[in-house]
Amino acid sequence: MCGIVGFIGKNAVSNAMEKLRLLQYRGYDSVGVGFVEDGEIRIEKAVGKVDELSVKSESVRAVAHTRWATHGKVCTRNAHPHASGENWAIVHNGIIENYSELATGKTVSDTDSEVIAQLLEKYGNGLGSVIACAQKLEGAFAVLALEKSGKIYAIKQKSPLFVSEKNGEVVFASDPVCFCGFSDTYYSFCDKECAVADENGVEFYSFSGERIAKTPQTLAVEYRASEKGDFDTFMHKEIYDIPLAQSRIEQTYLPAFVSEVVSDIRHADEVWFIGCGTAYHACLFAVCVFEKAGVRCRAFIASEFRYSDVVPTKNTLCVFVSQSGETADTLGALEKVAGVCKTVALTNVGYSALASAVNVCLPTLAGEERAVASTKAYACQIFVFDILASVLNNAEPVMQKLDKNGLDYIFEEAKRVVKSFDKNELFVLGRKADYVTALECALKVKEVSYVNANAYPTGELKHGFIALIEEGTEVLIFATDPILYKKSLHGARECKSRGAKITVVTTEPEMFEGVGNVVKVSSYLCSVAFAFAFALECAKKRNFDPDMPRNLAKSVTVE
Ligand code: M6R
């Protein structure tokens, strides 16, 4: 994870820091900047988010970093940039797997990254040293190396890196979103490529030193950095973005647009849905709706799948779900099946590694998602799956659209429920697709409010975890499936008889009268929105920042 920026041009330090702010979704436990001043490299670092560091400098060269710790605890010493002499300052995103073999002496930090600075000092100056260093490194790395001469060098292998240049200014970044307002064109680095930049522009080379000619790409509208607008957090704003995103999906996902994928699904022996975290929950939802449409399918957690013994046939269809399209485990899972069977991605980032590595890429169309907790992307993923399933069924999509009034009501209800919720533990129950919502709700609550929320299928109560239910235990039940209302009611009663405090989120409120708090919702998707709103309100009540929760990052680009 980690975000890296390099800037060549006027006010390089403040410009680099400004762009770094847009990359904080990649990690935000410490921050640092390296720049050249009076012919010397200066490095400033701080623990915390970008705003913790205030540096004034007229420098026209800077590299900056926002960290998500992998090697070494969060402290200024481990923050980037790292140096190992006077000639280089480096920022790194990724993991250097062979760092202990490469170390040329004692390191100051506990990071795997410092070895890059050591190697560069050892090899000397210029492109030759950078290439020699790149050839030694193993693992995933996007590196920017600031040389005392003022040149910035870049190295890329498996971690994302982009560059844009205009009128003598150059910007390197982990995400093209940093080019908004700078230029409409940029270059993507491929694996095993490096570059050298100064005020005359950028030159690209392979790791074996051959010059590479690259074609610029155009910055698409989807890369435009979004703002919070009238909302106090991105998570709140992004939940309210769902109705507009749903309209985009409806306009795009017309039968002709999905015909290839639908035909692939029809003709596959089995469809496997693969993802991590929330994206995995979308996979579970996909299984619910596709099984209903008569498709044989399975969902896998990508990190487990990649090391499992399951083997696809050439008629298996593998669908990878990922908001970012950058998740290392999902990409690892894709590597396992690439070339064996047809692969499809459902991703929100059209320029991501996942999008370019699959046979067919479906857009999630959620628009930029900044909050670490994924809300609108999940809503869009399940909306897309619902549409695909309906085309397979030759039926109308089942899922209803959200609207602003409906969301206002859901937030009022979430506030009401959260008001009396003050425990550090929560049981979240549901069956079938409602169990998927329970899983998603529990994950969101854990992520943003640090409450130990755990989801279970309601029917599993009596097979074990009912032992944990006692006087005052908080239980949240999702019940929107008419076939299972009665079964959910049994579960609610079983918990209530043991003193639990019940909240039921349901499309059939009358049935649950008397068991506890009842939240009436008008559709399945409203119950999902309630899960998001509930988690957000829990975070707010506890004064936590839901957009940047502790220990997390939005793009999980390490294994
Ligand atoms: O970008 P991806 O969808 O591949 O990310 C997968 C998970 O890391 C992600 O969904 C994570 O669980 C979210 N923080 C959940 O809110």
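The values are calculated or read from the model by the stated rules, or taken from the named source; none is laboratory data. Because the structure is predicted, anything quoted here is derived from the model rather than measured. Cβ coordinates were reconstructed from backbone atoms using ideal geometry, including for glycine residues, and neighbour counts include every protein chain displayed. Note: accessible area is taken over every heavy atom of the protein model, side chains too, but ligands, DNA and RNA are not part of it. Shrake-Rupley method; radii C 1.70, N 1.55, O 1.52, S 1.80 Å.
Here are the numbers:
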| item | result |
| --- | --- |
| Largest-first ordering by accessible area, 1.4 Å probe, given options R493, R431 | R493, R431 |
| Convex hull volume per residue in cubic angstrom - Cα atoms of the chain | 155 |
| Solvent exposure ordering (accessible area, 1.4 Å, most first) of K151, K520 | K520, K151 |
| For A345, distant residues with modelled amide H under 5 Å away | F320, V360, C361, L362 |
| Vicinal HN-Hα couplings computed from phi for the stretch 265-272 (Karplus, 6.51 cos²θ - 1.76 cosθ + 1.60; Hz; Gly/Pro x) | 5, 4, 8, 6, 5, 8, 10, 10 |
| Within the chain, helix-based [θ] at 222 nm, where runs of 4 or more DSSP H residues each add -39,500 (n - 2.57), nearest 500 | -10000 deg cm²/dmol |
| Qualifying trypsin sites (Lys or Arg not before Pro) for the stretch 28-109 [loop in DSSP, other Cβ within 10 Å: at most 13] | K56, K73, K106 |
| Global form of the stretch 289-437, assessed from the alpha-carbon gyration tensor, a/c cut-off 1.5 | prolate |
| Helix axis angle, 242-252 relative to the chain longest principal axis, alpha carbon, degrees | 80 |
| Total charge dipole magnitude, the chain, about the Cα centre, Cβ charges on Lys, Arg, Asp, Glu only, Debye to nearest 20 | 760 |
| Amide H contacts under 5 Å for V505, placed H, 5+ residues apart | I477, F478, A479, V519 |
| Under Karplus coefficients 6.51, -1.76 and 1.60, residue-wise ³J(HN,Hα) of the stretch 535-542 in Hz, glycine/proline x | 4, 5, 5, 4, 4, 5, 4, 8 |
| M399, M548, M235, ranked by accessible area, largest first (probe 1.4 Å) | M548, M399, M235 |
| The chain: angle of helix 126-136 to the longest principal axis, Cα-based, in degrees nearest 10 | 50 |
| R498/D269 FRET efficiency (R0 56 Å; Cβ-Cβ; nearest 0.05) | 0.80 |
| The chain: antiparallel DSSP beta bridges as a percent of all, rounded to 5 | 60 |
| Prolate/oblate/rounded label for the stretch 3-218 (Cα gyration tensor, a/c 1.5) | rounded |
| Selected from Y409, N167, F421, residue furthest toward positive end of dipole (the chain; charges at beta carbon) | F421 |
| Principal-axis tilt of helix 277-292 within the chain, Cα atoms, nearest 10 degrees | 40 |
| Reach of K19 by Cα under 23 Å, taken over lysines that are not fewer than 8 positions away in the same chain | K10, K45, K49, K56, K148, K151, K156, K158, K166, K228, K237, K554 |
| Rounded to the nearest 10 Å², the accessible area of W68 at probe 1.4 Å | 60 |
| Rounded if a/c under 1.5, otherwise prolate or oblate - the stretch 242-284, Cα gyration tensor axes | oblate |
| Segment N125-K292, extension gain: residue separation times 0.36 nm, minus the distance between their alpha carbons | 53.9 nm |
